[in-house]
Ligand code: ADE
């Protein structure tokens, strides 16, 4: 899979996407992430990519021209399955959307900044708008990093244990069950007995029950969605 990202702050993405599982995915050649500095398509020699909004009001807007040129140039070499704009007024990201996007071949992500991007880019180029939650970040970069991380780990072959993503929270609309590791007892706090007896059927039943109870207690809204 290839993910191209248009941004005025590539540095913000570089470090977050160069560690752990997402780094391994790139090292293995399963995921290619390309960061494109929007200023490459600036409207003048000063690297300008933004301006005040018509009608007045605080905050700068990312201009049509650099964005349109960037999208067109990148689209001339790659056919994108989706052109995604990260924005607080997009559809709220969930695991279902991540699953669907992880099956795509080429994605183009656009990070907004300041007040956002000129509306005409949204109308004429963007195919999907995603928010990572009901709060406002100072730019789309952290949202793009979240989206790329969530997608990248699902690409087949990326996780060491292929099955482990299947048991993530949200994969079946349930939260994941609790997990324990050594030692068996710490400060008198014991690991549940059922996990120690090697009876896989009982363990599976216990995990299902824990998932279900945990979801009812912490996120009952997920059960309403079923
Ligand atoms: N840009 C600013 N805030 C955002 C959010 N919550 N989700 C996605 N992109 C954003």
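A short reminder: the numbers here are calculations on the coordinates, not readings from a lab. Note that this is a predicted model, so its numbers are computed, not measured. Neighbour counts are summed over all protein chains in view; Cβ atoms, including those assigned to glycine, are modelled from backbone coordinates with ideal geometry.
Couple of notes before you dig in:
- Counting the residues of the range 136-150 that are closer than 14 Å to residue 7 by Cα and without any contact (Cβ under 8 Å) to a residue 60 or more places away in the chain gives 2.
- Residues in the range 39-71 that are free of Cβ contacts under 8 Å to residues at least 60 places away in the same chain and part of a strand (DSSP E or B): 51, 52, 60, 61, 62.
- In summary, residue 104 fulfils each of the numbered conditions (1) within 16 Å of the ligand (Cβ to nearest atom); (2) closer than 21 Å to residue 168 by Cβ with the single exception of condition (1).
- Residue in the range 72-84 that is within 16 Å of the ligand (Cβ to nearest atom) and not in a strand (DSSP E or B) present: no
- If you go through the range 101-117 and keep only what is over 12 Å from the mean Cα position of the chain (by Cα), farther than 16 Å from residue 34 by Cα and not in a loop (DSSP other than H, G, I, E, B), you end up with 113, 117.
- The range 147-164 - residue that is assigned to a helix (DSSP H, G or I) and touching a helix residue (DSSP H, G or I) at 6+ places or on another chain (Cβ under 9 Å) and, of those, surrounded by the most Cβ atoms within 10 Å (Cβ to Cβ): 151
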